[in-house]
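Below is one structure, written out as structure tokens, with a few remarks after it.
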Amino acid sequence: MKKRTTALFVLSTSLLFSSVVSANTHSPRGGNANGKIQAWYDSSISSYGYTSHFDHAVSTWNGRNANVSISKTLNNSGQVDRYYVGTTSEEGLYGRNIWYNDLGIPVDPDWFSWSRSVVSVFDNQLRNFNGGVNFTSARIKHTTAHEVGHSLGLAHTTASAQVSTSLMTAGDNSSVNRDINTPSSYDISELRSLYGGPGLMASSLNADTSNQNEVDIETQYESYDTLSELSSFSDLVVIASPTDDFENRKHIATFYDTGDLQDYYTLNNLSIKKVLEGDSSNIVENLEVIESNAIVDFGLQKVKMVNDGYQETQKGTEYILFLRKDPQGQYQIINRNEGTFTLDEVNSTATNRRGTFITRDNDIRDNLLNEIATTYSNEL
Ligand SMILES: [Zn+2]
């Protein structure tokens, strides 16, 4: 695994694209509804033992739409999709698809046309999460088929009547069934809306990527909806504030041998004010933690890679943070935005909180805030 570390660079322009798109599809590949897809398997798939899981993913999407087919190829040059089994430093991260343009730069498919997809599933999480949970074959097939669904341009299913049966339901949805590994009729209808007819949204997409510097990726990750769940998967709960601006933190990216992006995160130095839960004996005044998101240098362009709308913690702001220790002994912030809560937010009333922070679910966040405010009332 190649590892690149960058630090001390500054984004030249502010973030241009932050709106939330509610449709359950992104854009079709190539901007022209070309669903004839060549898929290349990296050697990591056979060496980690995932060939049958990826074969399932390919076959379960094949034949669902007359305009969409996936065929395996032994040649990875050109605009073929690439599938990998990798490892990630993020605890509970199972899979991720990244869309690239012709220049090899990741793009947000809600706004830009894209040329190929790179699917990753993460063996150290699927087979060894939480000290040894080994997902069943059905669950691994759920992950590979779900990510290949993203590779076709499908977004997460949000329609409440569909989430319990859709293969494309986000992992953080409490209705997600991780044993589903074939598309539902709704998923197939979404595929049809992408590839099945004229007048596609792709004609309005911008092919110029020169001013896009943030790409938000949907991932499959382990999420917790209640304080007891969150606490039980945390090794440390602290009040802390970052000592550096995001741009000045260590930005880590790992790449497969082919140059495709595998993993990315920042190392965030925290000033610890108080330990609320966990063993404080080894915790010094400052603690470096893994945090989601990173600025990645793709040569032609630097791109801020964001996971699931995660908002990185801000320098000088005091937070209650839920930290998990990974097998290497490194702490990390878990549960995306529902693992970071500012003291101001905890101390304000529920009605003031709402709308202030991006969250996957307002009710889940409100409940967590109420539980945190009650549980730690003597500590704040
Ligand atoms: Zn997903």
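What follows draws every value from the coordinates through simple rules; no lab data is involved. If you're wondering where the values come from, they're calculated on a predicted model, not measured in any experiment. When we count neighbours, we look across all protein chains shown, and the Cβ atoms used for this are built from the backbone with ideal geometry, even at glycine.
Comparing segment 224-375 with the 2.2 N^0.38 Å rule of thumb, its C-alpha radius of gyration ratio is 1.07 (two decimals). If you count Lys pairs in segment 224-375 whose Cα atoms are under 19 Å apart, skipping same-chain pairs closer than 8 places in sequence, the total is 9. In terms of other Cβ atoms within 10 Å, His142, His56 run from fewest to most in the order His56, His142. Close amide H pairs (under 5 Å, H built 1.01 Å from N) link Asp235 with Leu323, Arg324, Lys325, residues at least 5 positions away or on another chain. Look at where the Cα atoms of segment 213-257 and of segment 80-140 average out, and the two centres are 16 Å apart.
Calculated [222 nm] ellipticity per residue, helices only, for the chain: -5500 deg cm²/dmol; basis is -39500 (n - 2.57) per DSSP H run with n ≥ 4, divided by all residues, nearest 500.
So for the chain: antiparallel DSSP bridges make up what percent, rounded to the nearest 5?
On the way: 51 of 72 bridges.
Within the chain, antiparallel bridges account for around 70 percent of the total.
A straight Cα-to-Cα reach below 19 Å connects Lys36 with the lysines Lys72, residues fewer than 8 places away in its own chain not being considered. Over the chain, the hull volume per residue, using the convex hull of the C-alpha atoms, is 135 Å³.
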